[in-house]
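The values are calculated or read from the model by the stated rules, or taken from the named source; none is laboratory data. The structure presented is a predicted model; accordingly, all values stated were derived computationally and were not measured. Positions of Cβ are generated from backbone atoms using ideal geometry, with glycine treated the same way; all protein chains shown enter the neighbour counts. We work out accessible area using only protein heavy atoms, side chains counted, and drop any ligands, DNA or RNA first. Shrake-Rupley method; radii C 1.70, N 1.55, O 1.52, S 1.80 Å.
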Amino acid sequence: MAGGFFNVCFWWRELNIMLPTPCGEQTHQHEHRANTYIFYVVKANAYGWAATLMKIQSLAAIVWTAPRIITFDTIVLLYNFRLRQIRAAFIKAVEVSKSVHRLDGRTTVIQNKTRPPPFKAEVTAPTLNAEAPYNAITDSMDLIKNVNKAIRYMDTLFSIYPKDKKGVWTKRNVHFCSGLVRIQLPCYESACTERTASYGQCLMLFLKSEFTNNPSFDRRWMLALHMTASGQHSSFRWPRILHRMYTLGQTSEPPDWRHIAIASDILLTQIPVVITRRTWMLMAAWQLFFIVILILQVELTIAWNHVSGLQKFSSLGQLIPFILGVGGLLKVLWGKWKMISEGLKEERYAPNGEYEEAMAKFLERREGCEKRTVVRAVTT
């Protein structure tokens, strides 16, 4: 966004006070400006139509992107502030869960702990304080139970889009004039397995939810962030996911949005960013294209405006950046190619803090509980 503001400032103000480029033998400043050339797909005058087009483009870009970036970053910071207490409680709950037989939220049998006696009116204050550790353990296990409930809720929610099924393009017959005219039009067949409502009905529910707040905005926001981070968010999927949320909310109470946020963080740690060789080559070609365009802009601008002393590597000011740039490029290309050729996965970046360690312990114990459940079911 800072680059966008700089772009607006340059084309709307700084260009008019920039010193003229010595192109040829002109003596007047206006003649110099009339022959200051830049590369804009073709050779163009920096003070002509290219400047007008760049003014419009830079202003439109900042007007379109700045509100979205500022709004998104503000909402993310606000939600991170609201989640700080529940995340701290989750860290504590994972530590407390070490004394519990199972971590799937369905049993709360505590080792070497006995339930305190029921509260009576004649119990003194010191005895009441003895219940505090038990209450803390109960609250922690309730949090673990709710997080597991949120994970199962999200698994059920996204199960309408199986991972092994993809959408396909088909042809559909469209009839006009009472069936006298038939035209075959291409149609995209979605991979969604939920067909209780049409896409139009899901879209109407999406628009209605903006006014009725059902499902709540907090839940919708957390699930939208999860879909974006996991690469599942699209204009076709979101209305159907929203309809699925509404349907599940009719039959059972949905989890709290804070528990959904923790469940989303846990599920995202299990989704690696897999980059195939084909994808990597396409990304590299796309980035190389923009690098070539950037080089052409710089070099052709220098050549067309007769800037001398920069075309040779005789000076250290030109040689050292060239060596460092080529060396860095070769290192990056070799590392990426080696990673893709060996079939490695680029893991999703996550800072190594207390919250991340708690999520890792939670997953480890949860997987252990699931394995014990499977072994017990097989033996019985």
Quiz item: Residues of the stretch 316-331 being open to solvent by 80 Å² or more (accessible area, probe 1.4 Å) and at pLDDT 80 or above, which ones?
Solution: Ile320, Phe322, Ile323, Leu324, Leu329, Leu330, Lys331
Exercise. Determine whether the stretch 277-291 contains at least one residue that is more than 30 Å from Asn146 (Cβ to Cβ), at pLDDT below 85, of a type in the set (A, V, I, L, M, F, W, C) and open to solvent by less than 60 Å² (accessible area, probe 1.4 Å).
Key: yes
Quiz item: Do you know which residues across the stretch 41-58 are part of a helix (DSSP H, G or I) and either touching a Lys or Arg at 6+ places or on another chain (Cβ under 6 Å) or open to solvent by 40 Å² or more (accessible area, probe 1.4 Å) (or both)?
Solution: Trp49, Thr52, Leu53, Lys55, Ile56, Gln57
Quiz item: Looking at the stretch 356-372, is at least one residue at pLDDT below 80, touching a Phe, Trp or Tyr at 6+ places or on another chain (Cβ under 9 Å) and open to solvent by less than 100 Å² (accessible area, probe 1.4 Å)?
Solution: no
Quiz item: Limited to the stretch 195-225, what total is found for residues that are open to solvent by 90 Å² or more (accessible area, probe 1.4 Å), part of a helix (DSSP H, G or I) and more than 24 Å from Pro255 (Cβ to Cβ)?
Solution: 2
Exercise. Select from the stretch 254-276 the residues that are farther than 11 Å from His226 by Cα, at pLDDT 90 or above and open to solvent by 10 Å² or more (accessible area, probe 1.4 Å) and list them in ascending order.
Key: Pro254, Asp256, Trp257, Arg258, His259
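Is it the case that Phe81 is open to solvent by 70 Å² or more (accessible area, probe 1.4 Å) and assigned to a helix (DSSP H, G or I)?
Yes; evaluated as a whole, the condition is true for this residue.
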Quiz item: Is there any pair linking a residue in the stretch 134-154 that is free of Cβ contacts under 8 Å to residues at least 40 places away in the same chain to one that is open to solvent by 60 Å² or more (accessible area, probe 1.4 Å), with Cβ under 8 Å and at least six apart or on different chains, and which?
Solution: Tyr134/Lys113; Tyr134/Arg115; Thr138/Thr108
Quiz prompt | Selection status of Val100, at pLDDT below 85 and of a type outside the set (Gly, Ala, Ser) | solution = yes
Exercise. Pick out the one residue from Ala93, Ala66, Ala89, Ala61 that is modelled with pLDDT under 85, of a type in the set (Gly, Ala, Ser) and open to solvent by less than 80 Å² (accessible area, probe 1.4 Å).
Key: Ala66
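Results for (1) loosely packed, with under 13 Cβ neighbours inside 10 Å; (2) more than 39 Å from the chain's Cα centre (by Cα); (3) modelled with pLDDT of 70 or more; (4) of a type in the set (S, T, N, Q), shown as yes or no for each residue.
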{"site": "Trp12", "(1), (2), (3), (4)": "no, no, yes, no"}
{"site": "Asn16", "(1), (2), (3), (4)": "yes, yes, yes, yes"}
{"site": "Pro22", "(1), (2), (3), (4)": "no, yes, no, no"}
{"site": "His30", "(1), (2), (3), (4)": "yes, yes, no, no"}
{"site": "Phe39", "(1), (2), (3), (4)": "no, no, yes, no"}
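Just checking, how many residues over the stretch 227-256 are farther than 16 Å from Cys202 by Cβ and not in a helix (DSSP H, G or I)?
7
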